[in-house]
Amino acid sequence: SSNYAPLVLSLLVWAIPSPCALGELADDVVQRYIGRAREAGLELAIDYPDGLPLAPVDAALIERALANLLDNALRVTPSGGRGGVRVRHEAGTLRLEVSDTGPGVATEDQDRGFELFYQAARHRDLRGSAGLGLAIVRRVAELHGGRAGLRSRPGEGSAFFIELPPRA
């Protein structure tokens, strides 16, 4: 699958923005993952306030980025854990965040997590992971004039986010 990575990333050169309700979009993505989360013994929640401004984004790309983050969260979180998606509008920035109660990201891996093909040592053996997902998330954020990042404490879980400017 690594042979396809340059092709996949090269296809992500155009973002076709239109007004989008990010809370509802995130809710739709979460609903698609609820069954899988339950089967894995996980709780999955969505949280967003009423009245979020419409965001000029390419909804399909944002949906793909959220799906990548949810795939990762469900893959690393042990049974009995929790995952969540939050959408917030703070200080003029729209923020989408996917959190989990998985093992967290080692401090030495946090700066490299969004690099193409990079996989943390503890995750290399996980099925279905080629090191593309977070690179795609970062590229989607950049195409919208935003950024992707993470907060993590090893042993306590992670929160991966996409921040978008008011006029993405």
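The values are calculated or read from the model by the stated rules, or taken from the named source; none is laboratory data. Bear in mind the structure is a predicted one, so any value in this text is a computation, not a measurement. Neighbour counts are summed over all protein chains in view; Cβ atoms, including those assigned to glycine, are modelled from backbone coordinates with ideal geometry. Quick note on the areas: whole protein, heavy atoms, side chains included, nothing else; ligands and nucleic acids left out. Shrake-Rupley method; radii C 1.70, N 1.55, O 1.52, S 1.80 Å.
Please work out if residue 141 is outside any strand (DSSP E or B), closer than 30 Å to residue 92 by Cα, at pLDDT 90 or above and within 15 Å of the chain's Cα centre (by Cα). So residue 141 fits the description; yes. Among the residues of segment 96-123, just one is in contact with a strand residue (DSSP E or B) (Cβ under 6 Å, 6 or more places away or on another chain), modelled with pLDDT under 95 and farther than 25 Å from residue 142 by Cα, namely 102.
The set of residues in segment 82-108 being closer than 17 Å to residue 20 by Cα and part of a loop (DSSP other than H, G, I, E, B) consists of 92 alone. A count restricted to segment 33-59 and to residues that are open to solvent by 50 Å² or more (accessible area, probe 1.4 Å), without any contact (Cβ under 8 Å) to a residue 12 or more places away in the chain and part of a helix (DSSP H, G or I) stands at 2. Within segment 79-96, the set of residues being more than 18 Å from residue 34 (Cβ to Cβ) and open to solvent by 20 Å² or more (accessible area, probe 1.4 Å) comprises 88, 89, 90, 91, 92, 93, 95. For segment 70-100, a residue qualifies if it is touching a Pro at 6+ places or on another chain (Cβ under 8 Å) and polar (S, T, N, Q), and exactly one does: 93.
Considering every residue within segment 66-80, establish whether at least one is farther than 17 Å from residue 159 by Cα, touching a residue at least 60 places away in the same chain (Cβ under 8 Å) and either in contact with a helix residue (DSSP H, G or I) (Cβ under 6 Å, 6 or more places away or on another chain) or part of a strand (DSSP E or B) (or both). It would help to see each step written out before you state the result.
Let us first name the residues in segment 66-80 that are farther than 17 Å from residue 159 by Cα, namely 79-80.
Then keep just the ones that are touching a residue at least 60 places away in the same chain (Cβ under 8 Å); that gives none.
No: segment 66-80 contains no residue that is farther than 17 Å from residue 159 by Cα, touching a residue at least 60 places away in the same chain (Cβ under 8 Å) and either in contact with a helix residue (DSSP H, G or I) (Cβ under 6 Å, 6 or more places away or on another chain) or part of a strand (DSSP E or B) (or both).
Scanning segment 143-153 for residues that are farther than 17 Å from residue 54 by Cα and either in contact with an Asp or Glu (Cβ under 6 Å, 6 or more places away or on another chain) or exposed (fewer than 15 other Cβ atoms within 10 Å of the Cβ) (or both) turns up 147, 151, 153. In segment 151-163, the residues that are more than 18 Å from residue 86 (Cα to Cα) form Cβ pairs under 7 Å with partners that are open to solvent by 70 Å² or more (accessible area, probe 1.4 Å) and modelled with pLDDT under 95, at six or more places apart or across chains, as follows: 154/107. A count restricted to segment 79-95 and to residues that are at pLDDT 95 or above and more than 19 Å from residue 26 (Cβ to Cβ) stands at 3.
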